[in-house]
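Data block below; observations after.
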Amino acid sequence: MPTLLRGEVPCVLQAAEYPQYREAYRPAGVPLREVRRGPYDGQRGAVRPDTNGDLPRVLVFAHGRIVYELDRVTDGTATYRYAPALSPAHRPLMDAVAQQYAEHAAREAQKRSA
């Protein structure tokens, strides 16, 4: 756990749940677990509330390409979930994942026919 400065709230980044992934792009053949998974899942950090004491609704990473959305605050720790529908990098990432799944399936089919 990182050292917290005065006023900061600990946070953890998690995979998307239904509210975050329901409008997300999902290519054929890609399992839902891949759509839900964000690149920073499991990381811990701290967020600073605004002057009203409210936590930021979203955390933005990778120059605005990856977005995590505030889900809840439990026991003083904020949980942010990957928001694929809001992340500009999600579609190209999913296309790359779909390509990997297709290549793997082709290799497996080739092994079976040999």
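None of the figures in this text is laboratory data; all of them are computed from the coordinates on show. Just so you know, these numbers come straight off a predicted model, no measurement behind them. Here Cβ is always computed from backbone atoms with ideal geometry, including for glycine, and neighbour counts include all displayed protein chains.
A few points about this structure:
- Label assignment, Rg and Dmax of the Cα atoms in Å derived from the structure, set (1) 20.9, 70; (2) 17.6, 66; (3) 13.5, 43: (2)
- By average C-beta atoms within 10 angstrom, highest first, the peptides 31-38, 101-108, 5-12: 31-38, 5-12, 101-108
- The relative contact order of the chain, computed from alpha carbon pairs under 8 Å that lie at least 6 residues apart in sequence, is 32 percent.
- Amide hydrogen proximity for VAL47: with H placed 1.01 Å from N in the peptide plane, the residues at 5 or more positions away or on another chain lying under 5 Å are VAL9, CYS11.
- Distant-in-sequence amide H partners of GLY38 (H built 1.01 Å from N, under 5 Å): ALA16
- Backbone geometry of the stretch 37-54 corresponds, through the Karplus equation with coefficients 6.51, -1.76 and 1.60 at θ = phi - 60°, to 3J(HN,Hα) couplings of 6, x, x, 10, 3, x, 6, 10, x, 9, 10, 10, x, 6, 5, 8, x, 8 Hz, x marking Gly and Pro.
- Relative to the longest principal axis of the Cα atoms of the chain, helix 90-113 runs at roughly 30 degrees.
- Per-residue ellipticity at 222 nm computed for the chain from its helices equals -9000 deg cm²/dmol, with DSSP H segments shorter than 4 residues left out and the rest contributing -39,500 (n - 2.57).
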